[in-house]
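**Q** Below you will find the structure I want to go over with you.
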Amino acid sequence: MATVVSPPERLVTLYGISWETYERIIAEHGEKGGTRFTFDNGALEIRVRSSRHEKPNRALAALVEVLAEEFDIDLRRLGSTTFKREDLQKGFEPDSCFYIQNSEAIRGKDEIDLASDPPPDLIIEIDITSESLDRFPLFAAVGVMEVWRFDRASVAFFRLEEGEYVKTLNSVSFPPLTDEIATRFLTESLTMKSTAWLRRVRQWAREQKAN
């Protein structure tokens, strides 16, 4: 039987890149999947993601969606949409992102302009490459309120306070959820059948509502 080996995550960072070059690159790349671009004051990071990156990303995104449904919370899924602010010289494509508290503000919009529209309320950040740019300052600069970060070992929650992220035990968007429980769900998602895993998440959420 053939063995499928996931290629390692590839990452390159270029310096001295102009905003015009950054915009041209993302425009030429278009909607092609698998590659993410991060721009921060002339530094351009180009990342080709692997399945080792995508598995936890998809699991955590599914966790958000199931909890929102069970807790009857409206949200808008924007995936890895490109967010950029020329005045701040910053741009990024999150692994996954959601509008929750501000879901109504972007309802029906095809394009998000951070100069006039709010940023995502929740971003999922998968960091399995230690050499990658620190994207937290970019998220903070545009005002993302909450970040879930997975670092190959565990999930951590961060809340924006006075321009900096502070680690918290509970999610801002889903207060019953702790970082420990999120880590457990993520670990289980990698070995359980998807249907059984979804039932387990739903059961947990319903137990929280009953308490």
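Laboratory data are not the source of any read-out in this text; all were calculated from the coordinates shown. All values derive from a computational prediction rather than experimental measurement. Methodologically, a virtual Cβ is constructed for each residue, glycine included, from the backbone with ideal geometry; neighbour enumeration extends over all protein chains shown.
**Q** Which one, PHE158, SER103, ILE181, projects farthest toward the positive side of the charge dipole computed for region 100-211 from Cβ point charges (K/R +1, D/E -1)?
**A** In region 100-211, that residue is ILE181.
**Q** To continue, here is another question. Can you tell me, using C-alpha contacts under 8 Å and at least 6 residues apart, the relative contact order of region 93-211 as a whole percent?
**A** Computed value for region 93-211: 16 percent relative contact order.
**Q** What percent do you get for the relative contact order of the chain when only Cα pairs under 8 Å and 6+ apart count?
**A** 16 percent
**Q** Could you tell me how far the Cα centroid of region 43-101 sits from the Cα centroid of region 103-117, in Å?
**A** 15 Å
**Q** Mean residue ellipticity at 222 nm from the helices of the chain, using -39,500 (n - 2.57) per DSSP H segment of n ≥ 4 over the full residue count, to the nearest 500 deg cm²/dmol?
**A** -10000 deg cm²/dmol
**Q** Let me ask you something else. Given +1 on the Cβ of Lys and Arg, -1 on the Cβ of Asp and Glu, and no further charges, what dipole in debye does the chain carry about its Cα centre, rounded to the nearest 20?
**A** That gives a dipole near 980 debye.
**Q** What's the ranking of 58-69, 73-84 by average number of surrounding C-beta atoms within 10 Å, highest first?
**A** Peptide ranking by packing, descending: 58-69, 73-84.
**Q** Specify whether the C-alpha gyration tensor of region 50-210 places it in the rounded, prolate or oblate class, a ≥ b ≥ c being the square roots of the eigenvalues: rounded for a/c under 1.5, otherwise prolate if a/b is larger than b/c and oblate if not.
**A** Verdict is prolate for region 50-210.
**Q** I want to check the label-to-label distance for ASP74 and LEU11. Put each point 7 Å from Cα in the C-beta direction and report it in nm to one decimal.
**A** 3.8 nm
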